Structures are given as C-alpha cells and as structure tokens.
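K.L.:
Have a look at this one before I ask anything.
The values are calculated or read from the model by the stated rules, or taken from the named source; none is laboratory data. If you're wondering where the values come from, they're calculated on a predicted model, not measured in any experiment. When we count neighbours, we look across all protein chains shown, and the Cβ atoms used for this are built from the backbone with ideal geometry, even at glycine.
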Amino acid sequence: MVAAISMSDLARQKRLDIDLNGDNRLSSSHSVGQAVDLYLDRMQIPDRGLRWTAFSRGVMLDGKRRLGDLDFTDTDWTVMPEVSAG
C-alpha cells in the first residue's frame, strides 16, 4: 500500500505531492482516476475533453483501482492525456 503519491506531467514542470494520511481530499479508498482528477484540478490543467491517465514505472495504472491496493513501489506517477494514432 502506498502512503504518498507524487504526480507530475511529462516535462516534470508541474508536480503535486500528496500524503494519503495527511491530505483530507484523498485517502486509500479513493481511485487512481480520482487522484488524477485532483491533480488536474490543483495544477489548473483543463481536460479539454480528453481522457487522462497515470503511469508508474512505465505501466499505465487502472483508473478504477483503489489507491490502497497499489504496490508500495507505485508512488511516482506521470500524468498525461490518453492519445491514439488515427
């Protein structure tokens, strides 16, 4: 189980660190998708109708997965819009 999450964009210019024990907006019962939504809100990034996803260690995290169910190594996330070719 993760106790803290660090989320950033691809360029690592916007970074948000969240302590799941101290932040009253997220807890271990929230989902990855809710954490991504909080990141977009706090960093004032408009979603522009795109679906946003989080990656940890090069693997896309399931947006429905609870934060309490994540492996303790999944603490550093890259948040980016989902794109498709064509």
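Matching residues to (1) in contact with a strand residue (DSSP E or B) (Cβ under 9 Å, 6 or more places away or on another chain); (2) loosely packed, with under 12 Cβ neighbours inside 10 Å; (3) more than 14 Å from ASP74 (Cα to Cα); (4) at pLDDT 90 or above:
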residue: ASP19; (1), (2), (3), (4): yes, yes, no, no
residue: HIS30; (1), (2), (3), (4): yes, no, yes, yes
residue: GLN34; (1), (2), (3), (4): no, no, yes, yes
residue: LEU38; (1), (2), (3), (4): yes, no, yes, yes
residue: MET43; (1), (2), (3), (4): yes, no, yes, yes
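K.L.:
Consider LEU26 carefully, then state whether it is touching a residue at least 60 places away in the same chain (Cβ under 8 Å), of a type outside the set (Val, Ile, Thr) and either in a loop (DSSP other than H, G, I, E, B) or more than 16 Å from ASP76 (Cα to Cα) (or both).
P.N.:
no
K.L.:
Just for segment 58-70: of the residues that are modelled with pLDDT of 90 or more and either closer than 14 Å to VAL2 by Cα or polar (S, T, N, Q) (or both), which one is farthest from the chain's Cα centre (by Cα)?
P.N.:
ASP69
K.L.:
Could I ask something else about it? Return yes or no: is SER6 surrounded by fewer than 17 Cβ atoms within 10 Å (Cβ to Cβ), of a type in the set (S, T, N, Q) and either in a strand (DSSP E or B) or in contact with a Ser or Thr (Cβ under 7 Å, 6 or more places away or on another chain) (or both)?
P.N.:
yes
K.L.:
Sticking with this structure for a sec: Which residue pairs have Cβ atoms under 6 Å apart, sit 6 or more places apart or on different chains, and have a first residue in segment 29-56 that is assigned to a loop (DSSP other than H, G, I, E, B) and a second that is modelled with pLDDT under 90 and exposed (fewer than 14 other Cβ atoms within 10 Å of the Cβ)?
P.N.:
ARG51/GLU82
K.L.:
Limited to segment 45-60, what total is found for residues that are in contact with a Phe, Trp or Tyr (Cβ under 7 Å, 6 or more places away or on another chain) and either within 20 Å of SER84 (Cβ to Cβ) or surrounded by fewer than 14 Cβ atoms within 10 Å (Cβ to Cβ) (or both)?
P.N.:
2
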